[in-house]
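Peer 1: Before I ask anything, let me first share the structure, which is written out below as structure tokens.
The values are calculated or read from the model by the stated rules, or taken from the named source; none is laboratory data. This one's a predicted model, so the numbers in the text were calculated from it and none came from an experiment. Every residue, glycine as well, gets a Cβ built from its backbone with ideal geometry; the counts of neighbours run over all protein chains shown. For the accessible areas, the whole protein counts, side chains as well, though only heavy atoms, and no ligand, DNA or RNA atoms are used. Shrake-Rupley method; radii C 1.70, N 1.55, O 1.52, S 1.80 Å.
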Protein chains: 2
Amino acid sequence: MHGDEKRHVPAATVPRLTLYLRKLRELHAHGVARVSSKDLAAMIDLNPAQIRKDFSYFGEFGTRGVGYEVPRLIAEITRSLGLDRTWNAVIVGAGLLGTALARYRGFADQGFRLVGVFDSSPGVIGASYGSGRVRAIDEFEAFCAQERVDIALVTVPAAEAQTTVDRIAAAGVRAVLDFAPVRVSVPAGVIVRQVDLSSELMILAYSLADDGAGGDVS
Amino acid sequence: MHGDEKRHVPAATVPRLTLYLRKLRELHAHGVARVSSKDLAAMIDLNPAQIRKDFSYFGEFGTRGVGYEVPRLIAEITRSLGLDRTWNAVIVGAGLLGTALARYRGFADQGFRLVGVFDSSPGVIGASYGSGRVRAIDEFEAFCAQERVDIALVTVPAAEAQTTVDRIAAAGVRAVLDFAPVRVSVPAGVIVRQVDLSSELMILAYSLADDGAGGDVS
DNA sequence: AGCTGTGAAACATTTCACAGCT
DNA sequence: AGCTGTGAAATGTTTCACAGCT
């Protein structure tokens, strides 16, 4: 209230900030200069108070009676999310999904830089993926010692996920996005998020089976 | 309490059921016949009461003093999630991600059957993706009239996501898994879930930037 | 008059703690 | 003695409602 005291940010707020940022960039691209929480809420289908409260955990970005300046708000959320810098990412596992992600431009748009792709299979090592070549996983530790790696995207088969993540954590990488359909455990200080296709399909199945409709599980 | 009255299932319970199911199948494959909520909780890193309460929304599956029979529990959760039948899925958008998903076996393992892949680009239509060929999106409505389609996985570019989903919903498909980084709106009765890579990366960036570690946002 | 920022109320979810069965 | 099933308490999140600024 009186300075830069660190407020406690609810876990549910952070994913919403990414939605706000995306919509605000879109508004900015369309030349919109100002927006109110009411307007933004209508666009994202949320309660306006939710939006104001989410912002309030990071500061006071608006003007009473007026609303929020779009560029200012973009800058503040960008900073709040830690996107005012570049994060280096690697992909471990150059299978179908791994190579699809490696070729996906739109990484860089958001301040994420793909600095390497690794695999253990000799048949894949050396293959080209757009801007580089797949490296052997055995080079991973040496690579990390040379180049800072902030985030690892893990796209190895389920059976290899845990040992892969162990290795990644041991090499000092502190954030993992796991696409394998297994929960992995990590030492304290390492964050894992999981993107789980079969889980998502099952949740949809539940909603379909449960009732004719609106069984929303989001 | 006295029959098959439909209890209200919290939205947060359903994703956890998929985790239980996966772990139970693993236990079953390893020949484990019984498990207690305490043991299962330790494996998934959850509170035992959470697990018991999640189950309780669907019935009483355990035996006091003993625990849960693994096969029985698998059967009950499978049924509760609506996985005691086959669900037909299509992929719309045969780009990098779409084709990677199309080739991904492990769909069928879970009772999901990929019955078609669609795209609008002449360069891609007719291309083979393992068990079939990419169809023209213009055939989509006719296809849906012929074959039941329960779930559509949308892997088109962001700019086309909304019109694609409109078309899918109009064709009578009631569940969508959207991989495009835009929130789409749908008529009532249609369920959308979003898998959002850049949002996930931003959430990881927040956790990394925020503090040295444990800034868990899951 | 209009919109933000925020305590307080309403609602949802998780965890505790224990009665009740085996 | 051990473990489930579940009310009740604790915790977390969303929404309301309004004071305070422009």
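Peer 1: Step by step: first the residues of the stretch B:145-170, then only those that are open to solvent by 80 Å² or more (accessible area, probe 1.4 Å) and of a type in the set (A, V, I, L, M), then the one that is nearest to B:Ala89 (Cα to Cα). Which residue is that?
Peer 2: The qualifying residue nearest to B:Ala89 (Cα to Cα) is B:Ala145.
Peer 1: Let me ask another. Do we have A:Ala89 as out of contact with any helix residue (DSSP H, G or I) (no Cβ under 7 Å at 6 or more places or on another chain) and away from DNA strand D (no atom under 16 Å from the Cβ) here?
Peer 2: In short, yes.
Peer 1: Let me ask something else. Listed residues A:Gly106, A:Gly93, A:Gly111, A:Gly82; which is at pLDDT below 95 and in contact with an Asp or Glu (Cβ under 9 Å, 6 or more places away or on another chain)? Before the answer, list the steps.
Peer 2: Details: A:Gly106 fails: in contact with an Asp or Glu (Cβ under 9 Å, 6 or more places away or on another chain); A:Gly93 fails: at pLDDT below 95; A:Gly82 fails: at pLDDT below 95.
Only one candidate passes the filter, namely A:Gly111.
Peer 1: Under the condition of being open to solvent by 60 Å² or more (accessible area, probe 1.4 Å) and part of a helix (DSSP H, G or I), which residue from the stretch A:83-106 is farthest from B:Ala159 (Cα to Cα)?
Peer 2: Kept after step one, since they are open to solvent by 60 Å² or more (accessible area, probe 1.4 Å), are these residues of the stretch A:83-106: A:84-86, A:96, A:103-105.
After this cut, where a residue has to be part of a helix (DSSP H, G or I) as well, the list is A:96, A:103.
Numbers: A:Leu96: 24, A:Arg103: 19 Å.
Per the stated criteria, the residue is A:Leu96.
Peer 1: Take residues that are within 13 Å of DNA strand D (Cβ to nearest atom) and surrounded by 18 or more Cβ atoms within 10 Å (Cβ to Cβ) and tell me which of the helices (runs of 4 or more DSSP H) falling wholly in the stretch A:1-82 contain 1 or more. Give the derivation first.
Peer 2: Values: elements: A:13-29, A:37-44, A:48-56, A:70-80.
Filter on the stretch A:1-82 gives A:13-29, A:37-44, A:48-56.
Peer 1: Using beta carbons and a limit of 6 Å, which pairs, at least six apart or on different chains, have the first residue in the stretch A:108-132 and farther than 20 Å from A:Arg167 by Cβ and the second one assigned to a loop (DSSP other than H, G, I, E, B) and of a type in the set (Ser, Thr, Tyr)?
Peer 2: That search, which allows pairs on different chains as well, returns A:Gly111/A:Thr86; A:Arg113/A:Thr86.
Peer 1: For a quick check of your reading of the model, give me the residue pairs whose first member lies in the stretch B:33-50 and is basic (Lys, Arg), whose second is surrounded by 13 or more Cβ atoms within 10 Å (Cβ to Cβ), with beta-carbon atoms closer than 9 Å and at least 6 apart or on different chains.
Peer 2: Every condition considered, the pairs that remain are B:Arg34/B:Gly67; B:Arg34/B:Tyr68; B:Arg34/B:Glu69; B:Arg34/B:Val70; B:Lys38/B:Pro48; B:Lys38/B:Ile51; B:Lys38/B:Gly67.
Peer 1: Another question, then. Under 19 Å from B:Gln162 (Cβ atoms) and either assigned by TED's automatic domain parsing to the domain that holds A:Asp109 or in contact with a helix residue (DSSP H, G or I) (Cβ under 6 Å, 6 or more places away or on another chain) (or both): does that describe A:Leu27?
Peer 2: Yes.
Peer 1: Moving on to the next point. Hey, does the stretch B:16-32 have a residue that's away from chain A (no Cβ under 14 Å) and within 15 Å of DNA strand C (Cβ to nearest atom)? Walk me through how you get there before you give the answer.
Peer 2: Keep residues of the stretch B:16-32 that are away from chain A (no Cβ under 14 Å), which gives B:28, B:31-32.
Okay, now just the ones that are also within 15 Å of DNA strand C (Cβ to nearest atom), so none.
No, every residue in the stretch B:16-32 fails to be away from chain A (no Cβ under 14 Å) and within 15 Å of DNA strand C (Cβ to nearest atom).
Peer 1: Going through B:Ile44, B:Ile51 one at a time, which residue ends up being modelled with pLDDT of 95 or more, within 20 Å of A:Ala158 (Cβ to Cβ) and not polar (S, T, N, Q)?
Peer 2: Details: B:Ile51 fails: within 20 Å of A:Ala158 (Cβ to Cβ).
On inspection, the qualifying residue turns out to be B:Ile44.
Peer 1: Taking A:Ala11, is it within 14 Å of chain B (Cβ to nearest Cβ), more than 13 Å from DNA strand C (Cβ to nearest atom) and out of contact with any helix residue (DSSP H, G or I) (no Cβ under 6 Å at 6 or more places or on another chain)?
Peer 2: Values: within 14 Å of chain B (Cβ to nearest Cβ): yes; more than 13 Å from DNA strand C (Cβ to nearest atom): no; out of contact with any helix residue (DSSP H, G or I) (no Cβ under 6 Å at 6 or more places or on another chain): yes.
When the stated conditions are applied, A:Ala11 does not pass them.
Peer 1: Scan the stretch A:139-168 for residues that are of a type outside the set (Asp, Glu) and over 27 Å from B:Tyr104 (Cβ atoms) and jot them down.
Peer 2: Keep residues of the stretch A:139-168 that are of a type outside the set (Asp, Glu), which gives A:140, A:142-146, A:148-149, A:151-159, A:161-165, A:167-168.
If the condition is that a residue be of a type outside the set (Asp, Glu) and over 27 Å from B:Tyr104 (Cβ atoms), then A:Ala142, A:Phe143, A:Cys144, A:Ala145, A:Gln146, A:Arg148 are the ones that fit.
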